[in-house]
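To start, the structure itself, in structure tokens.
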Amino acid sequence: MAEEHTYVVRKPCPVCGETSRIVKVKSRLIVEKTDWDYCTHYRDINPYFYTIWVCEHCGYAADENTFLAYMPEKHKKTLSEFLVKHKVGFKFHEQRGLPEAVASYKLAIYYSEMLEESLAHRAGLYLKLAWVYRTGGKDDEEKAEEKPYLQKAAELYTESVMRERYPIGPLTDSMAIYLSGACYYLMGEIEPAIQTLSRLIGDQDLRDVEPKLYDRARDLWQDIREERK
Ligand SMILES: [Zn+2]
């Protein structure tokens, strides 16, 4: 059962200042497999359902790092003004299912767009929303709902590499390129996937600087070319 793997903490909300209950996932999880875009499938629980923290009072939602980080006054003002007018009313759930998880990501994405957070950050939220459908969908039809979000992630990563200054947190520009290539592949868009990954395969520096990423990109690229035959 999921509750053996979660616990509840209380954290101050960066927007309204009230203390909200937050469900966290214990760290020891058994991995079943990891996909090309780093989506990991776990045996007993789906930690992606709990990635987004939601304030049970005002409805602010963000990933843990953003929720705990210092929030500029300007952002606080924008969000409070919005949240006063719109009753978000996200009920606290000690166990989240797919609908609650999806709703939490949609809120986080909405606020990150309102605050014009980096394209790379937004891409990461869309990518994880895709993972929520892939790992949490009960059948193929529900799992396929990941596609528009993979598309969005691929586009935003590509745009981010052109417009933003890297590294962004731990994310390098090569990693962002790799992720957009992997997203295209998983959507079944083979040509854009090959084109995107080729940018990395041809990069001799990458081989020295990020050898693991280089190998992964090359392995995926070779797999795709094999599949295409
Ligand atoms: Zn709040």
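Can you list which of the chymotrypsin sites (Phe, Trp or Tyr not before Pro) found in segment 87-128 are DSSP loop residues with at most 15 other C-beta atoms within 10 Å? Within segment 87-128, the qualifying chymotrypsin sites (Phe, Trp or Tyr not before Pro) (loop, at most 15 other Cβ atoms within 10 Å) are F92. A cysteine counts as unpartnered when no other cysteine's C-beta lies under 4.7 Å of its own; in the chain this applies to C39, C183.
Residue separation of R43 and E155 scaled by 0.36 nm, minus their Cα-Cα distance, works out to 37.2 nm of gained length. Positive-end ranking of G17, A120, T78 along the dipole of the chain, with charges on Cβ about the Cα centre, is headed by G17. Please label the shape of segment 157-206 as rounded, prolate or oblate, based on the square roots a ≥ b ≥ c of the eigenvalues of the alpha-carbon gyration tensor (a/c under 1.5 means rounded; beyond that, a/b larger than b/c means prolate, else oblate). It is oblate, given that a/c is not under 1.5 and a/b is not larger than b/c.
Taking a virtual spin label 7 Å from the Cα of K106 along the C-beta vector, which residues in segment 70-87 bring their backbone nitrogen under 18 Å of it? Only 83, 86-87 pass the distance filter.
Over the chain, what is the mean sequence separation of C-alpha contacts under 8 Å (at least six apart), divided by residue count, expressed as relative contact order in percent? Computed value for the chain: 13 percent relative contact order. Using only Cα atoms and rounding to the nearest 10 degrees, what angle (0 to 90) does helix 211-228 make with the longest principal axis of the chain? Helix 211-228 sits roughly 70 degrees off the main axis of the chain. When M71, M114, M162 are compared by accessible surface with a 1.4 Å probe, the order from highest to lowest is M162, M114, M71. When only Cα pairs below 8 angstrom with a gap of at least 6 residues are kept, segment 120-229 shows a relative contact order of 19 percent. Give me the angle, in degrees from 0 to 90, between the Cα long axis of helix 73-85 and the longest principal axis of the Cα atoms of the chain, rounded to the nearest 10. The helix 73-85 is inclined about 70 degrees to the chain.
The values are calculated or read from the model by the stated rules, or taken from the named source; none is laboratory data. Predicted model, so just to flag it, every value in this text is computed and none were measured. Cβ coordinates were reconstructed from backbone atoms using ideal geometry, including for glycine residues, and neighbour counts include every protein chain displayed. The accessibility values were calculated without ligands, DNA or RNA, using every heavy atom of the protein model including side chains. Shrake-Rupley method; radii C 1.70, N 1.55, O 1.52, S 1.80 Å.
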